[in-house]
Amino acid sequence: MNLFHAPYLMTPGIVSRSISFENPTGAPSAGGQASSPLGQGRKGSAVRHVQDGETVLLADIAGPGTIRHIWLTTHDKPHLLRGSLIRITWEDQPHPSVELPLCEFFGFANGKCNAFQSALHSVSSAKGMNVWLPMPFTKHARVEFVNESGARLPLFYQIDYTLGDTHDEGVGRLHAAFNRQNPTTKGDDFEILPERRARVRFLGAVLGVRPHDPLWWGEGELKAYLDDDGAFATIVGTGAEDYVGHAFGIQDEAFLHNGCNFREKADAADTGTVSVYRWHLADPILCERRMRITMQQIGHRPTYKARTIDDYKAELYERADDWSAAAFWYEATPSAPLPPCPDAALRLAGIVIPPP
């Protein structure tokens with residue numbers, strides 16, 4: 001049911017529910033029963049402190065239904081936002097279909113972003129984080145929060161969903177996986193979407209780049225290998241900044257379908273840490289049987305005064321940097337396991353962690 005594009009539809013049998021610490025089951029007439037010094041139902045269970053190493057069950061929902069919106073907040077500290085995970089399992093599979101650092105799940109890399117809005121996310125300057133991507137399921141949805149940040153943290157959240165939605169068994173369930181290489185390997189393209197042998201709709205990615213040298217890093221091309229592609233891809237971009245819809249470097253500009261929500265340095269060479277994203281809602285990337293998406297790591301070393309195409313090509317070079325990617329896609333279940341999510345040490349490398 002398209003509640004967003006056809007809000008006037010009121011199909012019988014579809015009901016609204018919401019889960020938070022105030023109503024952890026989402027059951028009707030069950031919210032706000034905890035007490036505070038002000039009395040029962042007066043903000044008695046808004047927040048929970050989560051210890052390092054602890055996993056918290058955020059939602060366990062019997063379907064059919066659709067998660068419509070997730071809001072969450074904690075302290076605005078990079079090690080909390082990159083060290084914690086969101087893990088989602090669909091339809092009682094033995095493995096999760098979504099496993100992302102908290103910040104990447106909400107649309108930004110490396111635990112840092114400015115306030116922004118995209119087609120899928122909105123994040124305030126104080127890190128009130130929202131995801132608006134529909135997440136259908138037919139039998140069961142399980143959402144977990146995993147604290148691997150190295151510190152205790154406060155957790156507030158709310159999951160809004162509908163029950164009674166009509167979904168075919170082959171409906172796409174949200175999948176998302178995280179990859180970080182620090183450094184990447186020269187000449188070996190960085191993997192954004194791990195190979196999936198299924199019918200897939202690629203939704204897009206959140207990319208984080210921490211350059212390792214002061215020259216421009218973004219000349220690598222995106223490659224989307226579809227179905228029977230071998231050495232050469234069907235979809236090929238023209239550069240990293242071009243893929244996220246920018247040009248001649250990265251600008252401090254965030255749009256609905258593309259953009260940058262954090263840029264550390266505003267110099268001509270764009271050599272600081274960046275967080276960028278690209279969503280394929282209007283221009284879907286689809287396959288019938290197989291998909292894999294990569295990004296080259298190619299830099300630009302200007303040495304010529306004359307500017308010709310040959311000069312430009314001669315100035316390109318292979319390089320190694322710190323890249324991360326959170327890929328989002330829809331795929332039916334049963335689905336294959338995700339590649340292992342990098343451990344907390346790799347996720348947090350280079351991110352300042354305060355002393356205990």
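The values are calculated or read from the model by the stated rules, or taken from the named source; none is laboratory data. These numbers were taken from a predicted model, which means no experiment stands behind them. Every residue, glycine as well, gets a Cβ built from its backbone with ideal geometry; the counts of neighbours run over all protein chains shown. Only protein heavy atoms, including side chains, enter the accessible area calculation; ligands, DNA and RNA are left aside. Shrake-Rupley method; radii C 1.70, N 1.55, O 1.52, S 1.80 Å.
A few points about this structure:
- Listed pairs K127/K223; K77/K127; K186/K265 exceeding 21 Å between Cα atoms: K127/K223; K186/K265
- Region 241-328, accessible surface, carbon-and-sulfur percent (1.4 angstrom probe): 56
- When both region 1-44 and region 222-246 are represented by their alpha-carbon centers, they are found 43 Å apart.
- Remark: region 342-350, residue by residue, has Karplus-estimated 3J(HN,Hα) of x, 6, 4, 4, 6, 4, 9, 4, x Hz, where x stands for each Gly or Pro and the curve is 6.51 cos²θ - 1.76 cosθ + 1.60 at θ = phi - 60°.
- For region 65-143, the equivalent ellipsoid derived from the alpha-carbon gyration tensor has semi-axes of 24, 15, 9 Å in decreasing order.
- Calculated from the alpha-carbon coordinates, region 201-356 shows an Rg and a Dmax of 17.2, 57 Å respectively.
- Kirkwood Rh in Å, taken over all unlike Cα pairs in the chain: 21.4
- Ligands, DNA and RNA are left out, and with a 1.4 angstrom probe the accessible area of the chain is 45 Å² per residue.
- Heavy-atom accessible surface of region 95-240: percent carbon and sulfur, 1.4 Å: 48
- Its residue count N sets the reference 2.2 N^0.38 Å, and the alpha-carbon radius of gyration of region 127-197 equals 1.56 times that reference.
- Spacing of the modelled spin labels on M10 and D242, each 7 Å from Cα toward Cβ, amounts to 5.1 nm.
- Relative contact order (percent, whole number), the chain, Cα cutoff 8 Å, 6+ residue spacing: 22
- Rg/Rh for region 184-289 stands at 0.98; both radii use Cα atoms, and Rh follows the Kirkwood definition.
- In units of the rule-of-thumb radius 2.2 N^0.38 Å, region 1-148 shows an alpha carbon radius of gyration of 1.11.
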